[in-house]
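Okay, structure first, notes after.
No lab work stands behind these numbers, since they all come straight from the coordinates. All values derive from a computational prediction rather than experimental measurement. Ideal geometry is used to build each Cβ from the backbone, glycine not excepted, and the neighbour counts take in all protein chains shown.
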Amino acid sequence: MNACNATLQRVTKKMTAPAKAALALLVALLPSAAAADCRDITHDGQSHIICEVSAGQDLRLFLDGPDGTLLGNFQRIDSALAGEGKRLAFAMNAGMYHSDRRPVGLFIDDGRELAPLITADGPGNFGLRPNGVFCIRPDGGFGVIESRAFRDTGATCRYATQSGPMLVIDGALHPRFLPDSVSRYVRNGVGVSADGKRAVLAMSRGRVNFHEFARLFRDALGLPQALYFDGNISRLYAPSLGRNDFGFPMGPVVGLVAD
């Protein structure tokens, strides 16, 4: 028994029954360690924030509110969830979007396809093939699937967002990433375990290149598949870390929903 536990036991022995009941209620109302899903991690001298989710937790993608208008920020998402008696535990932007905030590629919201899959070659980071799809399956599991493989296999998703490029493909870094690239931004993305039971959302605290960010997922987190969400405009909502980033309205957002 450590010193803290011994001290706690001595204190509680001297408490009256009502005081013990009040203490138990207070502890029950406090956020638990398990609720603090986000934490800092350092890899190769670079600092990142990671937020881990297990299969069966209520991870969702958000775009439009119940009235069909763009949600666009973390506060509006949290307010919409309050109507269900729920709240936003953490969230980040989740894929590229046009100037009207509509998704560039595939977007599925609770089984409804709001934007189609794009498999044609294109410009920018989205078109830096291979790109891919982050899929939240109906059974609560996760997948990061290369876009053309997604098309060919006909994967079923409750929620899905397409983005690019892929960061890690079957344990290998994207072939076009350069270790000494000078293209550096605050970046965010998602990686998935081989069994699909764990998803890790990550955002760099500082500016990193693609090669460095991809190695975070492969080497530090041991995830064989990972997908880039965006850079430069990357934003995070993580109350447990005191983060509530603000700015211009966003398009797709991924977030963990809690009671």
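Within segment 137-149, the set of residues being in contact with a Ser or Thr (Cβ under 9 Å, 6 or more places away or on another chain) and in contact (Cβ under 8 Å) with a residue 40 or more places away in the chain comprises ARG137, GLY140, PHE142, ILE145, SER147. The residues in segment 137-162 that are crowded, with 16+ Cβ neighbours inside 10 Å, of a type in the set (Gly, Ala, Ser) and more than 16 Å from LEU59 (Cβ to Cβ) can be counted, and the count is 1. Consider ALA258 carefully, then state whether it is crowded, with 24+ Cβ neighbours inside 10 Å and within 15 Å of the chain's Cα centre (by Cα). In short, no.
Here segment 35-56 is the region considered, the condition is being of a type in the set (A, V, I, L, M) and part of a strand (DSSP E or B), and the residue that is farthest from the chain's Cα centre (by Cα) is ILE41. Annotation note: of PHE134, PHE107, PHE126, the sole residue that is aromatic (Phe, Trp, Tyr) and under 17 Å from ASP58 (Cβ atoms) is PHE134.
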